[in-house]
Amino acid sequence: MTNTRGKRRGTRYMFSRQFRKHGPIPLSTYMRIYRKGDIVDIKGTGTIQKGMPHKCYHGKTGRVYNVTQHAVGIIVNKQVKGKILAKRINVRIEHVKHSKSRDSFLQRVKENEGKKMEAKQKGSWVELKRQPAPPRDAHFVSTKKNVPQLLEPIPYEFMA
């Protein structure tokens, strides 16, 4: 069979609903507020065909640049051959949700501000950079109850 070139080719599982998540869309989807500059994740919902993103944008994260009654305009990076283009797409809100990618960063900023205020009151200096985990401390392994075992490969047996 030849390669069909349909718009939704190869999306059998991509746009299908999750197990026990079929049926009408929850109203909370329509109650979310999107503002210009918000970071959003694009995930196509198969039950709503209107305003559906193309499969190449499924799973991508972008920034809202336009808000209308039922849809949002999103700027998404797309790799085209050797270059990355900032594409502007319009997607209905059923296929979009707020991204959690910045939450940990914003929480860290908040903690750092608290640390800075404490250090300023004490008149000391505080390290705000994240440090990689140090190597584990050296230790001896007791061999009283943990007798060393000799490990060797099983010899090859020819079965005729």
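All of the numbers you see were taken from the coordinates with simple rules; none came from a lab. Predicted model, so just to flag it, every value in this text is computed and none were measured. Here the Cβ positions follow ideal geometry from the backbone for every residue, glycine too, while neighbour counts run over all protein chains shown.
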### Message
Given the -39500 (n - 2.57) contribution per DSSP H run of 4+ residues, what per-residue ellipticity at 222 nm results for the chain, rounded to the nearest 500 deg cm²/dmol?
### Response
-4500 deg cm²/dmol
#### Entry: Helix 103-122 vs. the chain, principal-axis angle (Cα, 0 to 90°, nearest 10)
60
### Those lysines that a straight Cα-Cα span of less than 30 Å connects to LYS122, excepting residues fewer than 8 apart in one chain
LYS110
### Message
Which one, ARG108, ARG92, ARG63, has the greatest fluctuation when you compute a Gaussian network model over the chain with C-alpha springs under 10 angstrom?
### Response
ARG108
### Message
If packing is taken as the average count of other Cβ atoms within 10 Å, what order do 26-39, 65-78 fall into, highest mean first?
### Response
65-78, 26-39
### Segment SER124-GLU152, length gained on full extension (0.36 nm per residue, minus Cα span)
4.3 nm
### Cut-off of 10 Å, at most 14 other beta carbons, DSSP loop: longest stretch of the chain lacking such GluC sites (Glu not before Pro)
1-126
### Query
Can you list the lysines whose alpha carbon is less than 20 Å from that of LYS43, not counting same-chain residues fewer than 8 positions off?
LYS7, LYS21, LYS55, LYS60, LYS78, LYS87, LYS97, LYS100
#### Entry: Two-site label geometry, THR29 and ILE75: point separation in nm, points 7 Å out along Cα→Cβ
2.8
#### Entry: Sequence-separation-based contact order of the chain, relative, with Cα cut under 8 Å and 6+ spacing, percent
17
